[in-house]
Amino acid sequence: MGFLMNRKVKYLLISLLVIALLVGLFYADMLGLNDKTDVNPKLVEASKGLNQYEISVNFDPANKILQCEQKVEYINNSGHDLTHLYFHLYPNAFRYEEKPVFDKAEMKRAYPNGFSSGGLDMKQVLIEGKESDFLIGGYSENLLMLLMDGSLAPGETVSLEMKYTVQMPNCLGRFGYGDNTFKVVNWYPIASVYDDSGWNLDRYYSIGDPFYSDAANYRITIKAPDDYIIASTGDIKKEIEMDGQITWEIDALAVRDFAWLASDAFITASKDLGNTTITSYYYTEETGEKALDYAAVSLEFFNKSFGEYPYNHFSVVESDFYIGGMEYPNLIMMDHSLYSSYHIDSLEFVTVHEPAHQWWYGLVGINQITDAWIDEGLTEYSTVLYYGHRYGQEKENEIYNSMIAEGKYNYLQVYAGPEQVDETIHRPSYEFSDWIMYDLLVYGKGAMMFHDLRRKMGGDLFFHALREYYNEYQFQNVSKKDMISAFNRSTGQNWEEHFNKWLYDE
Ligand SMILES: [Zn+2]
C-alpha cells in the first residue's frame, strides 16, 4: 500500500517518528533490552562476573592483516592478590619456522606454498587509561605479561586497552589463510587461566588442542570488504554497509573463546532448531547441505541427551584446514577435503564429533593440555551414540568397532610395536610420542572407557549422569574429580576405580 502526503506534513511525521524511535531506543538500551531480549536467560545469568572483551578489527584481506583495538574488563576471580596478569599471544606460535606448531612430517601439508610467517605485534597497552610497559616472552613470544600498579585484589576489576596488528600466515593449520578462507581463530590476546595450579602458561604444542580458557563475554566489531561473508561465534547484531565495506557487530555471552572465518566464496544454508539457527557456510555445493543436516540431527540429539544448547547460533564452516575438524564456541571449522562425495562418511563423523564438543569443552570446560581425555574421549563416544540414535543399534555397533575398538585400539598394538605399550590416557598432550598415539589413546581408548561405563551402569543411568555433569559444570572448568563425582552422585556408586583402571593402564 502506498500513499502520497503533503511535504511539510511528511517531514513533521518523519521527525516525530525519529524522536519516538530514539526515545524508545534510549529506554531499551537503558534496560539492556537491545542486547538481551533474544538471549537465553541462562546466558545472561552466566555472563555475570565474567571478563569482558571488546575488540574492534579492521580486516585487510589483500595484505592478510588485522588492525585491532581491544578493551578488556578483567575481573580477578582467582581468589588471590594478583601483581601481574598473563595473556596468550597464540598467533606468535606461527612466527618462526624453526619453532613450528606442526610435526616435521606435517610441514608440507600445513604450508603447501612454503613456510609463511604470522604473528601478533603489540603496539601499545593502557592499564586504567595509563600507557604501561608490557613484557612479551615465552617459547615463541607467545605470552604477554602485564604488571599491575600494586596488586589486584580478589573480585577487583582492571580496565586494559591494547593496540596490535595480526599478520595472518598462508597456513592450512588452524590459524591462517588458504585459497578460500581466512581462519581467524586463536587470534587475539586471551587471558591465561589462573586455577589451583596457578597461572597456566602452556605454549602452542603440536599435539592435541593446546587451549584452556575461561568463559567470557565478547563484543566484536569487524570492518571487512563487502564481498566477504563472516562466519563467527556469537550473534550478529548489525551489518552496516558503507563505502564498499561492511561493519559487522557481533555479541557473544558466556563463551570460552571467539573465532571467525571470512570468505568471498561462502554460500549459506540454514535451519532452525528451537531457538538455535544452524548455518552451513560452504563453497563445495555438492555436500554443503549435507553438513547442515548432520549438524542439525546431532545438535538435536545432544540437546535431548545431555541438556540444552543455550546459544542462538551454531555454524559449520568449510575451510582450508588440512587437519580435519576443529571446535570453537558456536562454530566448527571443517576441512574442504571432507566435502567431496568420496569422503561423505568422514564428513558425517566429523560433523557430529565437533558439535559434541559444544557440550564437552565449549560448555563444560577443561584444561585440554593436561586432561584432554575428558573432552575428547567423551566427544568421540557421543559421536558413536549419534549413530545409534539415527540409524539403530547395529550401525552403532559397526561404528564403535570400526572407528574405536578395532579401528583404533587394535591398531594401537600394531602401531606401537610388540613391546609393552604405555597405555596411560591421562597425561599431558606433550608427553605423547606423536599425534597417532595421542589419537589412539585419548580418543580411542578414552571412548572405550565411556562405553564400558555405560555397559556397567546401563544406558538410562549413564545419560542421567551426563546430564548431571553438564548441568552442574556448564560455563566452568572441571578436572577428573569433578567428572567422577558427577557419576558418583547421580548413581550412588563409586566409579573412581573404573576411571583409574582405564586412565592409568593399571
Ligand atoms: Zn575432538
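A215 passes every criterion in (1) surrounded by fewer than 19 Cβ atoms within 10 Å (Cβ to Cβ); (2) under 27 Å from L126 (Cβ atoms); (3) small (G, A, S) apart from (1). Screening G365 with (1) in the same structural domain as F463 (by TED's automatic domain parsing); (2) within 15 Å of the ligand (Cβ to nearest atom) gives one miss only, at (1).
Table: residues versus (1) without any contact (Cβ under 8 Å) to a residue 24 or more places away in the chain; (2) in the same structural domain as K104 (by TED's automatic domain parsing); (3) surrounded by fewer than 19 Cβ atoms within 10 Å (Cβ to Cβ); (4) closer than 17 Å to A356 by Cα.
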site: V384; (1), (2), (3), (4): no, no, no, yes
site: N397; (1), (2), (3), (4): yes, no, yes, no
site: V421; (1), (2), (3), (4): yes, no, yes, no
site: W435; (1), (2), (3), (4): no, no, yes, no
site: Y443; (1), (2), (3), (4): no, no, no, yes
site: L466; (1), (2), (3), (4): no, no, no, yes
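Considering only residues of region 368-387 that are within 11 Å of the ligand (Cβ to nearest atom) and of a type in the set (A, V, I, L, M), which is farthest from the chain's Cα centre (by Cα)? Step by step, filter region 368-387, then rank; the result is L378. Within region 300-311, does at least one residue satisfy the condition of being within 15 Å of the ligand (Cβ to nearest atom), under 19 Å from the mean Cα position of the chain (by Cα) and not assigned by TED's automatic domain parsing to the domain that holds I399? Checked region 300-311: at least one residue is within 15 Å of the ligand (Cβ to nearest atom), under 19 Å from the mean Cα position of the chain (by Cα) and not assigned by TED's automatic domain parsing to the domain that holds I399. When S346, S341, S337 are checked against the criterion of being modelled with pLDDT under 95, more than 12 Å from the ligand (Cβ to nearest atom) and not assigned by TED's automatic domain parsing to the domain that holds L466, S341 stands alone in meeting it. Just to be sure, is E241 over 29 Å from V57 (Cα atoms) and out of contact with any Gly (no Cβ under 7 Å at 6 or more places or on another chain)? No: the conditions fail for E241. Output the number of the condition that D452 fails; it satisfies all remaining conditions of (1) among the acidic types (D, E); (2) modelled with pLDDT of 95 or more; (3) out of contact with any helix residue (DSSP H, G or I) (no Cβ under 9 Å at 6 or more places or on another chain). Against the list (1) among the acidic types (D, E); (2) modelled with pLDDT of 95 or more; (3) out of contact with any helix residue (DSSP H, G or I) (no Cβ under 9 Å at 6 or more places or on another chain), D452 comes up short only on (3). Highlighted here are the strands (runs of 3 or more DSSP E) found entirely within region 228-299 that include at least 3 residues which are more than 25 Å from F475 (Cα to Cα): 235-242, 245-255, 267-273, 276-282. Just a yes or no: is a residue in region 370-390 over 19 Å from E327 (Cα atoms) and of a type in the set (F, W, Y)? Looking for residues that are over 19 Å from E327 (Cα atoms) and of a type in the set (F, W, Y), one finds at least one in region 370-390, hence yes.
The values are calculated or read from the model by the stated rules, or taken from the named source; none is laboratory data. Computed from a predicted structure; not experimentally measured. Because the Cβ atoms are built from the backbone with ideal geometry, glycine has one as well, and the counts that use them run over all protein chains shown.
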